[in-house]
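S.K.: Quick one: the structure is below, questions incoming.
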Amino acid sequence: MPVKEVLRLGHPLLRKVADEVVLENFDTLEFASLIDDLKDTLVEQGGIGLAAPQIGISSRVAIIEIEAGLTRYGELEAMPLTVFVNPQVKVLNPDTAGYWEGCLSVPGMRGFVERPQHIMVSYLDAEAVSRTIELTGFLATVFQHEFDHLDGKLYVDHIRDMRQFVYEPEFDRFVAPQLDQG
Ligand code: ZN
């Protein structure tokens, strides 16, 4: 059963700081099936990323896959499905920009969140090789959203004006047309 149920807002595991992955974990069957389950679940559910706590595993692992031209924020380059283990985010420029975020753990909702737009991420890949990646713009937001899950945080925690927390159909009807004009 590789496709897992995605935990929803209110499940206590989504609020727990996930456990660090240690080197001995990488070569285990458990680790391999966690990666498989994350991939299968992301493909089934759709979306940009998924973190292990969202499928009930308290482990600092997340996957992200970007399809080119996926969002209304335009300029996105494709990024093949990538595994991030024990990621650490360093803010290179604290200037923020806001985007309407959504989350598989908060189905049917959208919320406007501002985050720093220039970050550096250090992480281990699925083979335990240490890597860094620098991100700007919407991608910086995507990565911070996913890695927040490893610290028991959800995007709703960052919504400053609750009037900008809306249902998806209402987002499409009332919010999106204004964004497209801007
Ligand atoms: Zn999420």
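S.K.: State all residues of segment 103-130 that are over 12 Å from residue 145 (Cα atoms), assigned to a loop (DSSP other than H, G, I, E, B) and touching a strand residue (DSSP E or B) at 6+ places or on another chain (Cβ under 8 Å); if no residue qualifies, say none.
M.R.: Selection gives 108, 125, 126, 128.
S.K.: Further question: Return the total of residues in segment 1-20 being part of a helix (DSSP H, G or I) and surrounded by fewer than 13 Cβ atoms within 10 Å (Cβ to Cβ).
M.R.: Going residue by residue through segment 1-20, those that are part of a helix (DSSP H, G or I) are 12-15.
With surrounded by fewer than 13 Cβ atoms within 10 Å (Cβ to Cβ) added as a condition, the list becomes 12.
Selection size over segment 1-20: 1.
S.K.: Of all residues being within 14 Å of the ligand (Cβ to nearest atom) and aliphatic (A, V, I, L, M) in segment 149-182, which is surrounded by the most Cβ atoms within 10 Å (Cβ to Cβ)? Just the residue, please.
M.R.: Keep residues of segment 149-182 that are within 14 Å of the ligand (Cβ to nearest atom), which gives 149-159.
Checking the rest, the ones that are also aliphatic (A, V, I, L, M) come to 150, 154, 156, 159.
Working: 150: 24, 154: 19, 156: 16, 159: 18.
Among those residues, the one meeting the criterion is 150.
S.K.: While we're looking at this one, here's another question. Has segment 51-67 got at least one residue that is assigned to a loop (DSSP other than H, G, I, E, B) and more than 16 Å from the ligand (Cβ to nearest atom)?
M.R.: At the first step, the residues of segment 51-67 found to be assigned to a loop (DSSP other than H, G, I, E, B) are 56-58, 60, 67.
This time we only want the ones that are more than 16 Å from the ligand (Cβ to nearest atom), so: 67.
Yes; the residues of segment 51-67 include at least one that is assigned to a loop (DSSP other than H, G, I, E, B) and more than 16 Å from the ligand (Cβ to nearest atom).
S.K.: Follow-up question, since we're still on this one. Mind listing whichever residues of segment 32-54 are of a type in the set (A, V, I, L, M, F, W, C), in contact with a helix residue (DSSP H, G or I) (Cβ under 8 Å, 6 or more places away or on another chain) and open to solvent by less than 20 Å² (accessible area, probe 1.4 Å)?
M.R.: The first filter runs over segment 32-54 and keeps only residues of a type in the set (A, V, I, L, M, F, W, C), leaving 32, 34-35, 38, 42-43, 48, 50-52.
Now drop any that are not in contact with a helix residue (DSSP H, G or I) (Cβ under 8 Å, 6 or more places away or on another chain), which leaves 34, 38, 48, 50-52.
Selection gives 34, 38, 50, 51, 52.
S.K.: In addition: With the checklist (1) open to solvent by 30 Å² or more (accessible area, probe 1.4 Å); (2) within 14 Å of the ligand (Cβ to nearest atom) in hand, flag the one item residue 23 doesn't pass.
M.R.: Result: residue 23 fails condition (2) only.
S.K.: What residue, among those in segment 116-148 that are in contact (Cβ under 8 Å) with a residue 40 or more places away in the chain, surrounded by 18 or more Cβ atoms within 10 Å (Cβ to Cβ) and away from the ligand (no atom under 13 Å from the Cβ), is farthest from the chain's Cα centre (by Cα)? Before the answer, list the steps.
M.R.: Narrowing segment 116-148 to residues in contact (Cβ under 8 Å) with a residue 40 or more places away in the chain: 124-128, 134, 137-139, 141-147.
After this cut, where a residue has to be surrounded by 18 or more Cβ atoms within 10 Å (Cβ to Cβ) as well, the list is 124, 138-139, 141-147.
Restricting the remaining residues to those that are away from the ligand (no atom under 13 Å from the Cβ) gives 124, 138-139.
Details: 124: 17, 138: 12, 139: 10 Å.
My answer is 124.
The values are calculated or read from the model by the stated rules, or taken from the named source; none is laboratory data. It should be emphasised that the depicted structure is a prediction, and the values quoted were computed from it without experimental measurement. Neighbour counts are summed over all protein chains in view; Cβ atoms, including those assigned to glycine, are modelled from backbone coordinates with ideal geometry. SASA here: full protein model, heavy atoms, side chains in, ligands and nucleic acids out. Shrake-Rupley method; radii C 1.70, N 1.55, O 1.52, S 1.80 Å.
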